[in-house]
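The values are calculated or read from the model by the stated rules, or taken from the named source; none is laboratory data. Not measured: the values here are computed from a predicted model. Virtual Cβ from ideal backbone geometry, glycine too; neighbours counted across all protein chains shown. In case anyone asks, the SASA skips ligands and DNA or RNA and just uses the protein heavy atoms, side chains included. Shrake-Rupley method; radii C 1.70, N 1.55, O 1.52, S 1.80 Å.
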Amino acid sequence: MILRIFTSYIFRCVLLCLPILWLCGCAKKDKPSDPPPAFYTRLSLDISHEMNGSQLIRNTTTYTNPAGEKFLITKFRYYLSNFALVDDAGKTIPLASAYYLIDDAVDATKRLVLDSVPAGNFTAVRFLIGVDSARNNSGVQSGALAPENGMFWTWNSGYIMAKLEGTSDAITTPTQGFEWHVGGFRGAYNALRTVQLPLNFRVIPFTAAIPHFNMVANVGKWFAPNEASFAKTPIIMGPGEAAVNIANNYQQMFSIKN
């Protein structure tokens, strides 16, 4: 008798629990799965320096600018920063913040590895020639932005965005040297320039491939369309109209080779 009562009790408990178990199973089944983790890769840019189609050779090769002035280049340096990609929907996607000081004399500085590249289809790369106003107002900095790199004027004038130095027989000083230090980040004398280049590639999630492109900087673009004469302006050492004219010229110096 006792056994029949106990068995009947267990049976009723099972019947009561079945709907609850069924509901729990449905809830678990219908719960949306977690989104897949975001995928990021890198983008490699190799930069080469040219003078109107030929490899730039400092110190020994004589060039002629549109004003007919012969010159040698001894130093060529510039900053690139604020990299971003433009996707096939026209959206601009900023990449990880980084500031690069490219020096023709140091080959290692001419290979850039950009981080935080997401999956997607991209049609262009965008970047800034120079150091943005935020960093110009951020006090003493390190790495590529360290003042000891020789690319900084004062806390008021800020960073030198790009630098071209050399000699020209068009200059009447004893050394015949020119120093074009282009900078300025305020108002009418803002020398910061944005560049956007076509760059078609696709990033597929969870693949090992790293997109790799070659970018050319043509120093010949420093001299046109705005007149740039060593005889008239051998020295640029601060923000001003001369620096802005050169910045407007060299904004066009970059292209993608492959």
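Before moving on, here are some points about what is shown:
- Share of carbon and sulfur in the accessible heavy-atom surface of the chain [1.4 Å probe, %]: 57 percent
- Rolling a 1.4 Å probe across the protein heavy atoms gives the chain an accessible surface of 55 Å² per residue.
- Here is how the number arises for the chain: DSSP H runs of 4 or more residues each give -39500 (n - 2.57), the sum is divided by the residue count, and the result at 222 nm is -5500 deg cm²/dmol.
- Using alpha-carbon coordinates, inclination of helix 2-30 to the longest axis of the chain, degrees: 20 degrees
- Degrees, to the nearest 10: 241-250 long Cα axis against longest axis of the chain: 60 degrees
- Amide H contacts under 5 Å for MET161, placed H, 5+ residues apart: VAL182, GLY183, GLY184
- Prolate is the label for the chain. Its Cα gyration tensor axes, ordered a ≥ b ≥ c, give a/c of at least 1.5 and a/b above b/c.
- Among beta bridges from DSSP that stay inside the chain, the antiparallel ones total about 85%.
- Cα-centred dipole magnitude for the range 56-209, charges only on beta-carbon of K, R (+1) and D, E (-1), debye, nearest 20: 200 debye
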